[in-house]
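Chemist: The structure follows.
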Amino acid sequence: MTEIVRLAERQPQVSAEQLLAGFHPSYRFGEVSFETYIPDDRYPSQAEAVSRLKKFAESISGSGSNTSGGFLGLFGKKKKKDNQPAGLYLDGGFGVGKTHLLASLWHAAGGDHKAFGTFVEYTNLVGALTFSKTVEVLKQYSLVCIDEFELDDPGDTVLMSRLMRELADAGVKLAATSNTLPGALGEGRFAAQDFKREIQVLSSQFEVVRIDGEDYRHRGLEEAPDPVEDDKIEHLAQENFPEAHVVAVDDFAALMKNLSQVHPSRYREMVKDIDVLVLHDVETITEQAMALRFVVLADRLYDKDVPVIASGVPFDQLFTEEMMNGGYLKKYFRTVSRMTALAREGVLGQTEAK
């Protein structure tokens, strides 16, 4: 029997231990591998990236990891450095498979202590544990993967640059991704240049791995579906997902109000059991703070591969034109791309192949 819940009524509490326990690839990327990544023959850099990442994975061992458990009690030694770079930076546009490859690296690398999370999740971890405790914990890991490295917040970027420097000095291997805007593809490695400039003293220790290509979420697929009529969306959810155990049915305005009251580090817990999300009356977000919170929610929904059925404005109108051309445009483009993919899944009544 399907349970109907309201995300607008959820205000989960998350401990520091729970935050750290979540630093692994999400459900969507829980079983990916280098073999499940299908390179586009039109873009040789994709196959080249797979080869490079396999070699990097082979250089990573878990010999320096503590296997006694308990993240607050981790003690260990610096790992021996080799001729491999301290880190790899995967540079490419939306939907070329960077996260798939980053997760594949995590799965392939040796050792039990490995961390995989988004840039925002690491900054939240520092907020929960303090900077020194975060370094103490993560320096015992063999590999730290940072997905969606943000280059638009100077304070957080400096924080993460400092964290990576501490980890690199301890012998931890690092891997990161961020996005190049679709319109910038072929015009130069702007994201890579920005990344290396922002991480300053670490830049010489990172090797850039370029991944060209088109957004796979739209490659060979139809355009995003039109929003569903409001009086039909709940029925469509029942029809398309009859075996769903938990369906969230929310008014968009009420959901946004609740997001403003819950710290983004708790959004993963908020949606952890949701199979389908039904959204009534989606509106264009006009406040920057609310838009950035929705970006985090969209990432968590995408991580869990939650189909979305919505009425109101289409997701390509989720943010104002000013936002889509402003300082956070990379985040907003990513969110539009991901919500479009989830909306397609909702209307088709199926999830996309992992």
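The values are calculated or read from the model by the stated rules, or taken from the named source; none is laboratory data. Everything numeric here is computed off the predicted structure, so don't read it as measured data. Ideal geometry is used to build each Cβ from the backbone, glycine not excepted, and the neighbour counts take in all protein chains shown. What goes into the accessible areas is simple: the full protein's heavy atoms, side chains included, and nothing from ligands, DNA or RNA. Shrake-Rupley method; radii C 1.70, N 1.55, O 1.52, S 1.80 Å.
Chemist: Test each condition in (1) free of Cβ contacts under 8 Å to residues at least 40 places away in the same chain; (2) out of contact with any Ser or Thr (no Cβ under 9 Å at 6 or more places or on another chain); (3) open to solvent by less than 50 Å² (accessible area, probe 1.4 Å) for residue 338 and report the one that comes out false.
Modeler: The number of the failed condition is (1).
Chemist: OK, next. Looking only at region 305-335, how many residues end up being β-branched (Val, Ile, Thr) and closer than 15 Å to residue 290 by Cα?
Modeler: 2
Chemist: Right, next: Restricting to region 308-323, give me the number of residues that are in contact with a Leu (Cβ under 9 Å, 6 or more places away or on another chain) and in a helix (DSSP H, G or I).
Modeler: Summing the residues that are in contact with a Leu (Cβ under 9 Å, 6 or more places away or on another chain) and in a helix (DSSP H, G or I) in region 308-323 gives 2.
Chemist: Let me ask you something else. How about region 271-307: which of its residues are outside any helix (DSSP H, G or I) and among the hydrophobic types (A, V, I, L, M, F, W, C)?
Modeler: 271, 274, 276, 277, 278, 279, 282, 285, 306
Chemist: Looking for something at pLDDT 80 or above and of a type in the set (Asp, Glu) - is there at least one such residue anywhere in region 194-203?
Modeler: No; the residues of region 194-203 include none that is at pLDDT 80 or above and of a type in the set (Asp, Glu).
Chemist: Can you confirm whether residue 97 is open to solvent by 20 Å² or more (accessible area, probe 1.4 Å) and either at pLDDT 85 or above or under 23 Å from residue 111 (Cα atoms) (or both)?
Modeler: No: the conditions fail for residue 97.
Chemist: Against the condition surrounded by fewer than 21 Cβ atoms within 10 Å (Cβ to Cβ) and at pLDDT 95 or above, how does residue 327 come out, does it pass?
Modeler: Considered against the rule, which asks whether it is surrounded by fewer than 21 Cβ atoms within 10 Å (Cβ to Cβ) and at pLDDT 95 or above, residue 327 comes out as no.
Chemist: If you don't mind, there's one more thing I want to ask. List the number of the failed condition for residue 150; all other conditions in (1) surrounded by fewer than 21 Cβ atoms within 10 Å (Cβ to Cβ); (2) out of contact with any Lys or Arg (no Cβ under 9 Å at 6 or more places or on another chain) hold.
Modeler: Unmet condition: (2).
Chemist: Let me ask something additional. Taking region 305-323 only, how many residues are touching a helix residue (DSSP H, G or I) at 6+ places or on another chain (Cβ under 7 Å) and under 19 Å from residue 252 (Cβ atoms)?
Modeler: So the count comes out to 12.
Chemist: Another question, if that's okay. Go through region 295-336 residue by residue and tally those that are in contact with an Asp or Glu (Cβ under 6 Å, 6 or more places away or on another chain) and more than 20 Å from residue 265 (Cα to Cα).
Modeler: Qualifying residue count, region 295-336: 5.
Chemist: Residue 127 - would you say it is part of a helix (DSSP H, G or I), open to solvent by 20 Å² or more (accessible area, probe 1.4 Å) and small (Gly, Ala, Ser)?
Modeler: Against the criterion (part of a helix (DSSP H, G or I), open to solvent by 20 Å² or more (accessible area, probe 1.4 Å) and small (Gly, Ala, Ser)), residue 127 qualifies.
Chemist: Something else: Go through 310, 298 for me and flag whichever is closer than 23 Å to residue 98 by Cβ, surrounded by 19 or more Cβ atoms within 10 Å (Cβ to Cβ) and aliphatic (A, V, I, L, M).
Modeler: 298
Chemist: List the pairs whose first member sits in region 18-43 and is under 26 Å from residue 213 (Cβ atoms), whose second member is hydroxyl-bearing (Ser, Thr, Tyr) and open to solvent by less than 70 Å² (accessible area, probe 1.4 Å), and whose Cβ atoms are under 6 Å apart, counting only residues at least 6 apart or on separate chains?
Modeler: So the pair list comes out as 32/104; 33/104; 34/104.
Chemist: Taking the conditions exactly as written (out of contact with any Phe, Trp or Tyr (no Cβ under 7 Å at 6 or more places or on another chain) and at pLDDT 95 or above), does residue 5 satisfy them or not?
Modeler: Yes; evaluated as a whole, the condition is true for this residue.
Chemist: Step by step: first the residues of region 245-272, then only those that are of a type in the set (D, E, K, R) and in contact (Cβ under 8 Å) with a residue 60 or more places away in the chain, then the one that is least open to solvent (accessible area, probe 1.4 Å). Which residue is that?
Modeler: Looking at residues that are of a type in the set (D, E, K, R) and in contact (Cβ under 8 Å) with a residue 60 or more places away in the chain, I get 250.
Chemist: Can you tell me which of (1) of a type in the set (D, E, K, R); (2) closer than 23 Å to residue 321 by Cβ; (3) touching a Ser or Thr at 6+ places or on another chain (Cβ under 7 Å); (4) surrounded by fewer than 21 Cβ atoms within 10 Å (Cβ to Cβ) is the one residue 283 doesn't meet?
Modeler: Checking residue 283 against (1) of a type in the set (D, E, K, R); (2) closer than 23 Å to residue 321 by Cβ; (3) touching a Ser or Thr at 6+ places or on another chain (Cβ under 7 Å); (4) surrounded by fewer than 21 Cβ atoms within 10 Å (Cβ to Cβ), the one that fails is (3).
Chemist: Could you tell me whether residue 315 is modelled with pLDDT of 95 or more, surrounded by 21 or more Cβ atoms within 10 Å (Cβ to Cβ) and either under 14 Å from the mean Cα position of the chain (by Cα) or under 13 Å from residue 337 (Cα atoms) (or both)?
Modeler: no
Chemist: Let me ask you something else. Would it be correct to say that residue 244 is out of contact with any helix residue (DSSP H, G or I) (no Cβ under 9 Å at 6 or more places or on another chain) and hydrophobic (A, V, I, L, M, F, W, C)?
Modeler: Considered against the rule, which asks whether it is out of contact with any helix residue (DSSP H, G or I) (no Cβ under 9 Å at 6 or more places or on another chain) and hydrophobic (A, V, I, L, M, F, W, C), residue 244 comes out as no.
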